[in-house]
Amino acid sequence: MSKTRVYEYAKKHNLSSKDVIIKLKEMNIEVSNHMTTMEDETIKKLDAVYNKKEDKPQAQAKPQQQSQQKASQGQNQAQHRNQGQKPNQGQNRNQSQNQQKTSQAQPKAQLKTTASAFSDDERRATTPEKVKTSAVAKKPGNSQPFNKNNKNKQNKNRNQQNQNKGRQNQQQAPQQPKKVKELPSKITFSDSLTVAELAKKLNREPSEIIKKLFMLGVMATINQDLDKDAIELIATDYGVEVEEEIKIDTTDLEVYFTEDDEASMIERPSVVTIMGHVDHGKTTLLDSIRNTKVTAGEAGGITQHIGAYQVEENGKKITFLDTPGHAAFTTMRARGAKITDITILVVAADDGVKPQTVEALNHAKAANVPIIVAVNKMDKPTANPDRVMQELTEYGLVPEAWGGETVFVPISALTGEGLDNLLEMILLVGEVEEYKANPNRNAIGTVIEAQLDKGRGSVATLLVQNGTLKIGDPIVVGNTFGRVRAMVSDVGRRVKEAGPSAPVEITGLNDVPQAGDRFVVFDDEKTARQVGEIRSQQAVQAQRSEKARVSLDTLFEHMKQGEMKDLNLIIKADVQGSVEALAAALQKLDVEGVNVRIIHTGVGAINESDITLAAASNGIVIGFNVRPDNNAKRAAESESVDIRLHRIIYKVIEEIESAMKGMLDPVYAEKIIGQAEVRQTFKVSKIGTIAGSYVTDGKITRDSGVRLIRDGVVIFEGEVDALKRFKDDAKEVAQGYECGITIKNFKDVKEGDVIEAYIMEEVER
Ligand SMILES: Nc1nc2c(ncn2[C@@H]2O[C@H](COP(=O)(O)OP(=O)(O)OP(=O)(O)O)[C@@H](O)[C@H]2O)c(=O)[nH]1
């Protein structure tokens, strides 16, 4: 039993579906549209009609057609004639366009239609018969057959020319057929298209599309939106392939990081990061947990290091991020990825709270992550856990035993003492916080590590944060994409899938993503590829700076747009007293709509960690009598973190307050122009101390302001008194040259000091 649809039949016989439908209707056979399946009998009837007509096409066509006429048009005309008095029924078998136009040219309509009522395309596509009818209608007294002698024709043409140029075109069409625009092989659309848009894509007139839609039972106007089905219907009728484009906003991977509904979620392992001061035992703790808790049999040799591992305690899993140090933690957070559920703050019981302990706890607090304190090195005779508890209390971590909420666990990472207890506490916090995920969805998560492997190409360790990742999944990772080719678990086993909180190493990406990048699994490879490609293009264009971090200059804008409620500040100063004074004064600032939040303070130069913390929290770093070290400078530049350097407290307060009020008016801003290192000093009685210096960076100018920096701390700020090259006064001395510098009202220059030169520059707001 044949299952030929109308459009299939039409295609096979070089007809348009509409033609066939009309023909069927003439034969009193009901069809609803071009998708209708026809009975064998119907097909036979159609065959009979069309084959019969095709019997003698050339013979009849010849007299009417000029030699230059294309064969297809010849056939078209021939068929038309075969249908006798009905030029609107069954004409062109080659081009739906022609046919469409011809059908429009019903005798009655044609008689009334003036040439100007046709568009160019319509004129072009008009068949000879139509032209003839039209011409005859317009000039009834001049009703010669179309192929009359040349003289007549010329006369007629002249007449037509006088009346209407467009009509002349019509008349000449048989001799000089104009080309109908070619159909594209494929069109794309996203969501919907209006009739006009679809017409444009198909190189057709909107009216033609409207008619076609009408024939297919759809009433539409030119500006009407067509849905996917209608677009496909029309395009298929023309034999044009259709592809739906994805929408641009789907390239934002964050969109996929949505909460699932409660019912679909089940408990998932907690993800834990270990942080603390240098040498307090982070690595030892990570190793000993891993060695004692990952069973050897399962491991198959725990040689694999993929940046994270899982252990089992009391039948429940815990995921440890095997990247000690808060740099990794904050780098990820700076990139917007929150992956840690719980922070273990390791503090050596024999050493107590140290600067990095404070940094670490501030990082955890800023990220709003619960902290468990592991008081380490309890095996040491000098261990003093009470002191650790006492010191941490000052930072708001009050032990449960003292009425607070922070869990303290005494351990020895070396001997393994207390490790079970620590793991139980992690499980307990996990239970309280109820970390959950939905294993039955496309996986989403974050890159922990990634590198290029010689043999395997791009290799990335991913932490699955929701859903289940499977081999073969089409995936976008940061600005890269691919299909998950192979997956290796934390113990070096090949696995086929990885559920929530599982770390897994994958291959199959087209490029190497970055730690902290998000990943999202898509339903199909095409979408993943499109999203990945758009993302990588966007990344090239956007660069980092576009992310527009908060700076004092843009603070008010952010506040106005309601983007900021907290102004996160990191305060570094030369002495603790200044830190406290500044913090207290800043916290008192009261400006509606914004809340000053001091997320970290410290004594000493501004370091890289301060910058990463600022970047992660979209904060601003205030340096009071201190400068950023080189790493911090680089980091601040690449992360676009605003550093404000001051020497007078009220200036800091004034600046922050006016920025908060939107009154910041930095007509002038300081610009550091160079640095010189003091290599030798000379005391000259009348002049004072000359700093024999070497310009290490930029230049020093006669009229620049200078700061004298010793061990990262500003000792003095003033002006250049004299700048000399050998004996001569110099206007400026550039990098790589030696010079003598004296500073107004300052004599205490020492070898090793750094002289920083700056100018005040007008800046655009
Ligand atoms: N006695 C004793 N020594 C420990 C303990 N934990 C760590 N150590 C020792 O302390 C030193 C530093 O330990 P690490 O684990 O390297 O410390 P870390 O915090 O990872 O250090 P960084 O990676 O430099 O930040 C090593 O010599 C360890 O053997 C412990 O519980 N008891």
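Rolling a 1.4 Å probe over the heavy atoms of the protein chains gives segment 186-244 an accessible area of 46 Å² per residue. Remark: segment 424-470 carries a charge dipole of roughly 440 debye about the Cα centre, counting +1 on each Lys and Arg Cβ and -1 on each Asp and Glu Cβ.
Taking the charge dipole of segment 667-763 about its Cα centre, with +1 at Lys and Arg Cβ atoms and -1 at Asp and Glu Cβ atoms, the residue from VAL749, GLY718, ALA734 reaching farthest to the positive side is VAL749.
Overall, the accessible surface of segment 667-763 at a probe of 1.4 angstrom is composed of carbon and sulfur to the extent of 48 percent. Here segment 563-663 has 45 percent of its accessible surface on carbon and sulfur atoms, given a 1.4 Å probe and all protein chains in place.
Residues whose amide H falls under 5 Å from that of SER270, counting only those 5 or more places apart or on a different chain, are THR319, with hydrogens built in the peptide plane. Computed about its Cα centre, the charge dipole of segment 6-51 is approximately 180 debye, with only Lys, Arg, Asp and Glu carrying charge at their Cβ. Heavy-atom accessible area with a 1.4 Å probe sorts LYS316, LYS25, largest first, into LYS25, LYS316. Each of ARG725, ARG204 has its accessible area taken with a 1.4 Å probe; listed largest first, they run ARG725, ARG204. About its Cα centre, the dipole of segment 675-765 is roughly 460 debye, where the only charges are +1 on Lys and Arg Cβ and -1 on Asp and Glu Cβ.
The values are calculated or read from the model by the stated rules, or taken from the named source; none is laboratory data. Because the structure is a prediction, the values reported are computed rather than measured. All Cβ positions, glycine included, derive from the backbone under ideal geometry; neighbour counts span all protein chains shown. Keep in mind that these areas ignore ligands, DNA and RNA; they rest on the heavy atoms of the full protein, side chains included. Shrake-Rupley method; radii C 1.70, N 1.55, O 1.52, S 1.80 Å.
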